Structures are given as C-alpha cells and as structure tokens.
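What follows is calculated from the coordinates using simple rules that are stated; it is not laboratory data. Since we're looking at a predicted model, the values are computed, not measured. Cβ coordinates were reconstructed from backbone atoms using ideal geometry, including for glycine residues, and neighbour counts include every protein chain displayed.
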Amino acid sequence: MPSPAATATDNPLLDFSGLPRFAAVTPDHVQPAVDQLIAACRQTVEKLAADPAPPTWDNFVIPLDDATEQLGRAWGVVGHLNAVLNSPALRDAYNGALPAVTQFWTELSQDERLFAKYKALRVSPGFALLSVAQKQSLENELRDFRLGGADLPADRKARYAAVQEELSTVMSTFNDNVLDATNAFSHFVESENELAGLPEDVKAVAREAAGKDGRDGWKLTLHAPCYMPVMQYAAYRPLRERLYRAFVTRASELGAEPKWDNTANIRRILALRAETASLLGYRNYADVSLATKMADSPAEVIRFLEDMAAKSRPFALKDWDELTAYARAELNLADVEAWDVAYISEKLREKRYAFSDNDVKQYFPEPQVLAGLFRVIETLYGLTIAPAKAETWHADVSFFDLRDRAGALVGQFYLDLYARDAKRGGAWMDDAINRRRKNGSIQHPVAYLTCNFAAPVNEGGEQRPALFTHDDVITLFHEFGHGLHQLLTEVEILGVSGINGVEWDAVELPSQFMENYCWEWDVLKHMTRHVETGEPLPRALFDKMIAAKNFQCGMQFVRQLEFGLFDMRLHAEFDPAKDDLQRLVEEVRAAVAVVRYPAFARTAQSFGHIFGGGYAAGYYSYKWAEVLSADAYAAFEETGVLNPETGARFRHEVLGRGGSRPAMESFTAFRGRKPDMEPLLRHNGMKLAA
Ligand SMILES: [Zn+2]
C-alpha cells in the first residue's frame, strides 16, 4: 500500500478547490505532488482497464478526464512558475519531475487497453446519444491513437516505432548540421570602410568578437544579430555577397564541410516520412500531416497557395520594379542580386516611411491601451472586465473577472505584462483551468496572459505609466485573441473545450483576428493619448504606420508562398528515391518568386521548420490562418468593426466552439460561406481589381 496521500493542506499543488495557490507553492512541493498525481492516474488507468463493464462516457471517459486533468493542472502551475518566476531551486524541481511527467503522457497515449475501450465506446449503442462535442472528442482520441501506430499489427508496430526513432535522430542531425555550419563560419574584416552603414552596436559586438579570438578588426558571423544587419545596412556590396553566399549554402554540398551536408539527411527524412504514411495507410506524408489540420487534402492546399500566388504576384512584381528602379536611380545599382534586396528595401523604406518607434510609443501609455483593449472586448461580446482578487506570483501581476451583463462569471485571467529577471522572454497565452461540466456544475475557464513589455519607470519620485510600442500593442491584442478562445468557450467537454482539440492551422485565427483592431483608426483614436500632451495619435502618423506595414507586402507574400508550396509538394508528390531536390526548389521558385535567386542558393538544406521541426506539410498554415482571420474581420468591416451582433455570432460560432467541431464548419457557420482571400490581400495594400 502507498503511504497515506498528502492532502491539499500539506501541498498546495494538490488543492484543486479553486484558483492555484501561487503564494504557497515552493519547489519542495513539486516532486511529491507529481509523484502522487501520476500514481493516482495510473491507479485510475488500471481500474478502468480491468473494469469488465462495457465502457460508457460516464464510467470511462469522465474518471479518466478527472484524473489526468489534476495532473495537467498541477503541472501547468509548475510549468508556469518555471517560466515566469524562475529560480535555481524551481528549475531543478521542474527538470527533476519532467521526465516522469513526459513518460506518463507517452504511456497513456500508447495504452492499448484504453484504445480498445475508446473503440468499444465508439461502436456502442450509447455513442449515438452523445453530444456533438463528446463525439468529436472521442473521434480525436481514436485518431491520435491511430496516428501513434496503436492500430498496427505487432510486426508493423515494431517497424513503426523504429521508423519514428530513426526519424527523430536524423531530424536532430539535420538541426545539428545547420547549427554547426552556422557556428563555424566567420569573416574577419580589417578595414572599417568595409563596414560602412552598419549600426554602431553591431560593429561593437563584432569588434569584441574579434578581440576574443585574439585578432584585430571585426568578426562577422551568420548569427541573426550580425547577419541580418549586414544584409540590411552594409553598403559594401562584396561583403553582403560574401555573407549571403555563406548563408544560403550552409549545410549543403556547396558549404564549408562535406560532413555537414544535409542533402542525404533530407532524402532519409522524406523516405522515413513516406514509410510512416504507408504504414498508417495514407497515400503520402502530407495526408498524415493534414489528418490533424483544417485543410482537407494536399491538392486543396496547393490550390490555395497557387491561387494566392496568382493574386499577389502582380503586386510582388510591382514591388520588385520599384525596388530595382530606385536602386538604379539612387544607389547606382543596375543589376539587383539577392544579396542587395534587404539593403535596397531598407534605404527605400527609410526614405519613404521613416518615423520613430519612440514617437509612436508616447501615444500608447498602458492604462489607455488596456482600457482600449477592454472596451473592444466588452463592446463586441457584451461583457464586463473588472479587477478581482487572487493570489499571484509577483506584485506586478493583476487578475480580472470576465462577466456577462447580468453579472454571471464567464472566466478569469491573470495579466503579467512586464519583462523582469527570471522570466522567460516572449509573449504567450496558457490555460490554467479549462471550462467543463463537472459534478453537475460548470467549472469556469482561467487563462494566463504573459508579455515582456517595458515596466513603468519611476522618474524623480513620480511614477510614469509604462509606454508600449505599437508592436507591443499588437502582441497584447494577439495574445488576448488566444485568451478569448480559451475564456469564451461554450463547450463543456474537457478534450475540446477552449483551445483543446482545435486544428493546428486554425489556432491562430482568433489571435490574428484581434490584431486587426490595432490598425483600426476608430479604435486607435480612443486607445491613444500622448503621455505628455494628452493628444490622440495624429492621423498623419497613423497613415505612415499603415504605409510602412504594407511596404513590399507583395514580395513578402510570394516568399512565404514559395516556402509553403515547396513544403507541400515535397511531402505530397516528391519521390526521394529518384526525384531531384534542387529541381523542385527551382521549379517552385520559377513559378512564384520575383527576386532573382542565384543558382548556388541551397535553401532546402537549412529549412529547419520542415526538416528539423514540426512544420512538415504545415508551412502553409501561416498564410492559411491569416486568410481566415482577415476574412472573419471583414465580416465586422461590413457591419461595423465593433458591432455587438456580429460579435455575438463570432463568439457563438467560432470562439465558443473550441475543438468541438471542425474549424471549417465553425468558419462557414459564421461567415455563411467558405473563406475568401481578398480581405487579407486588401488589408496588406493589395487591392484586387473588381
Ligand atoms: Zn499566436
């Protein structure tokens, strides 16, 4: 018998009666809580697996959800604290418990007894009586078991596992080669003239780097903080060419070291993915990837990308003409090469749209921005947002209730806005508690909203509000979009409530949707107030911001479409045993790109998103989600951007549905039709002829 279980009073991580007890949690609580919760989960799994009764929602899914939800919630608190209030002791506790947690989730996803129970429930007479959300949640479970190889006969299961293991090794080698090839390159510059145009801080770092190697002059590398400014600002063309060539030949047969050449690894990765697909009974790996996504087929994605390319390419060509004309006239550059593009763009942008981010910042003090954001949410969805009391992890963190107009609680969120030591960088939304029906009543959703903005400063004893850049404001709105997806859910089933179970290529719809409000004059007028003068943002400055946002959008578009098409065709049509990789790269490029890329460019060999990460046959998602969010926003443009009726429909048909039905169904229910790409193009200054 295990020793008597610790109670919530001993260990705050085991208290699920309400909000997390942040003030009481210490690193010492982590391991015992995790051990106890995993043991409880395993006990539940064993009990359910041994139960001879036919599985029903109530006797099987609910007890399993109840047990795993507790582990998820407690581990969520630990992970959150590890990210926002890191300390050596907490980090040790987190890393100490992590393997056991990971191992348990893996074990759960491969438990054949549970898989058999889900299958039995699926074919039981009770299935027909389940709600849409319950059915969807069950189908997702079955799909994920199958995609993990659980349905294969023993011999093929072993092969499946071996393929996955080799795949993860080769992908990791792919990444290592890119990293090693990147790290190995350096270019020493002896004469400062060759660095003309480069920002002083970049030069200072390069000088220091040379000094560390015991050399005079400046050491340039292919790391982003050096490579990007060189391409953007360095006036000396041979320098740009030198670094560009090194960058686009990294980890290829044209790179510095044959041992880092990723060409064979790419073939192996593609062969292993093709084998994965055939073991699971799919035609190709693109079909496997799309099984968990909103897009139905590779053909649909390819059509989408080609259609978008056809529409945006004329604008890209116009951008290109502008760029080359400017280069000829003002920079004395007749033949624009790939290594000139960023440099010329920067010069043209400065000339046309220069404004200071710092000037803009003065119009976005925190109280005004938050009030503006809350006003948008309150108006759109008929809600009120008010500060509330809760234990937090830091004095700067605030907590809010979200209530409907009748005063009933809808959800709650923590807001942790400022950068500080021991806090992970970036911005994100995470779930603390998910909405679900439990023992007859509703458990309200709770979200974490975390950013890393500059904190308020104390000037001569006077506290000045934090000032946000316009990018900060966009980030805040973006994360709130994710937050509203979590908080405004109407779903009562854990697996598909909030953002749970939402298709991968639809997750960014609500977040990118919210960004649109940061470019809306009627919203900005009320959301801006100069910190000294009290004036709202001047219209002329706003117009400049819009123009700068849309600058060379055509060229940026076709670049992304080129990557997306290459990725999808590679995983849908390409045969690694006989087809020529570079030929596919060039074929896609010829169809889509407007920049003239040199024959030596080997971009596939360092395309980490698809060969070393999770974006295989998924790169298109960036543009896909943008089309959805822009088209959803267009419904508001048609009826008034703060129209509460449109808001109510968006909430009910899209935000409220979570993963309880296919995202395309939610979208068409809201929009009355399939997505249209025109609004995205229009929002980026590419207005199609009627
Ligand atoms: Zn996002």
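Inverting the pair-averaged 1/r between distinct Cα atoms of segment 461-540 gives 14.9 Å as its Kirkwood hydrodynamic radius. For the chain, the relative contact order comes to 16 percent (Cα pairs under 8 Å, sequence separation of at least 6).
Dipole magnitude for segment 328-436: computed about the Cα centre from +1 point charges on Lys and Arg Cβ and -1 point charges on Asp and Glu Cβ, it is near 400 debye. For segment 517-562, the convex hull drawn through the C-alpha positions has a volume of 84 cubic angstrom per residue. Computed from Cα positions, the angle between helix 200-212 and the longest principal axis of the chain comes to roughly 80 degrees. Multiplying each eigenvalue of the alpha-carbon gyration tensor of segment 124-244 by 5 and taking the square root yields semi-axes of 55, 20, 11 Å, largest first, rounded to whole angstroms.
With contacts taken as Cα pairs under 8 Å and at least 6 residues apart, segment 429-544 reaches a relative contact order of 22 percent.
Extent along the principal axes, Cα only, for segment 313-390: 64, 29, 22 Å, with the longest axis given first. For the chain, the mean residue ellipticity at 222 nm estimated from helices alone is -17500 deg cm²/dmol, where every DSSP H run of n ≥ 4 contributes -39500 (n - 2.57) and the total is divided by all residues, rounded to the nearest 500. Please compute the net charge surrounding residue 103, taking Lys and Arg as +1 and Asp and Glu as -1 over other residues with Cβ under 13 Å from its Cβ. Charge balance near residue 103 sits at -2. Once Lys and Arg get +1 and Asp and Glu get -1 on their Cβ, which of 133, 342, 502 lies farthest toward the positive end of the dipole of the chain? Comparing the listed Cα positions along the dipole, 133 ranks first.
Taking label points 7 Å from Cα along the Cα-to-Cβ direction, residue 384 and residue 172 give a separation of 5.5 nm.
Global size of segment 46-173: 17.9, 54 Å for Rg and Dmax (C-alpha atoms, Rg to one decimal, Dmax whole).
In summary, the convex hull built on the alpha carbon positions of segment 29-117 has an orientation-averaged projected area of 5.7 nm². Measuring max minus min along each principal axis, the C-alpha atoms of segment 242-350 give extents of 59, 41, 20 Å (largest first). 3J(HN,Hα) along segment 369-384: 5, 5, 4, x, 4, 5, 4, 4, 5, 4, 5, 5, 10, x, 10, 10 Hz, from the Karplus curve 6.51 cos²θ - 1.76 cosθ + 1.60 with θ = phi - 60°, whole Hz, x for Gly and Pro. Here segment 448-560 is assigned +1 on the Cβ of each Lys and Arg and -1 on the Cβ of each Asp and Glu. Its dipole about the Cα centre then comes out at about 400 debye.
Computed from backbone phi with θ = phi - 60° and the Karplus coefficients 6.51, -1.76 and 1.60, the 3J(HN,Hα) list for segment 484-499 is 5, 4, 6, 8, 9, 4, 10, 7, 10, 10, 3, x, 10, 8, x, 8 Hz; x is used for glycine and proline.
Between rounded, prolate and oblate, where does segment 257-414 land on the alpha carbon gyration tensor, with a ≥ b ≥ c its root eigenvalues, rounded for a/c under 1.5, else prolate if a/b exceeds b/c? Judged from the Cα gyration tensor, segment 257-414 comes out oblate (a/c at least 1.5, b/c at or above a/b). When the alpha carbon gyration tensor of segment 606-690 is reduced to an equivalent ellipsoid, the three semi-axes, largest first, read 26, 19, 10 Å. The alpha-carbon atoms of segment 332-450, seen along their principal axes, cover 74, 29, 27 angstrom, with the largest extent given first.
Each Lys and Arg Cβ is given +1 and each Asp and Glu Cβ -1; about its Cα centre, the chain then shows a dipole of about 860 debye.
Please state the shape class of segment 370-409: rounded when a/c is under 1.5, otherwise prolate if a/b exceeds b/c and oblate if not, all from the C-alpha gyration tensor. Judged from the Cα gyration tensor, segment 370-409 comes out oblate (a/c at least 1.5, b/c at or above a/b). Candidates 652, 634, 620 compared by Cα position along the dipole of segment 620-680: farthest toward the positive end lies 652, with charges placed on Cβ. In plain terms, the C-alpha convex hull of segment 428-489 casts an average shadow of 5.7 nm² when viewed from every direction. Relative to the longest principal axis of the Cα atoms of the chain, the long axis of helix 644-653 lies at roughly 70 degrees. Against the main long axis of the alpha-carbon atoms of the chain, helix 298-330 sits at an angle near 30°.
Note on segment 497-605: the alpha carbon radius of gyration divided by the globular reference 2.2 N^0.38 Å gives 1.62.
Size descriptors for the chain: radius of gyration and Dmax over Cα atoms are 27.0, 84 Å. State, as an integer percentage, the relative contact order of segment 188-311 based on alpha-carbon contacts under 8 Å between residues 6 or more apart. After rounding, I find 15 percent. In terms of surrounding Cβ atoms within a 10 Å radius of their Cβ, 549, 361, 623, 47 rank from fewest to most as 47, 549, 361, 623.
Ignoring lysines fewer than eight residues from residue 623 along the same chain, the ones with Cα atoms less than 27 angstrom from its Cα are 293, 311, 318, 544, 549, 674, 687.
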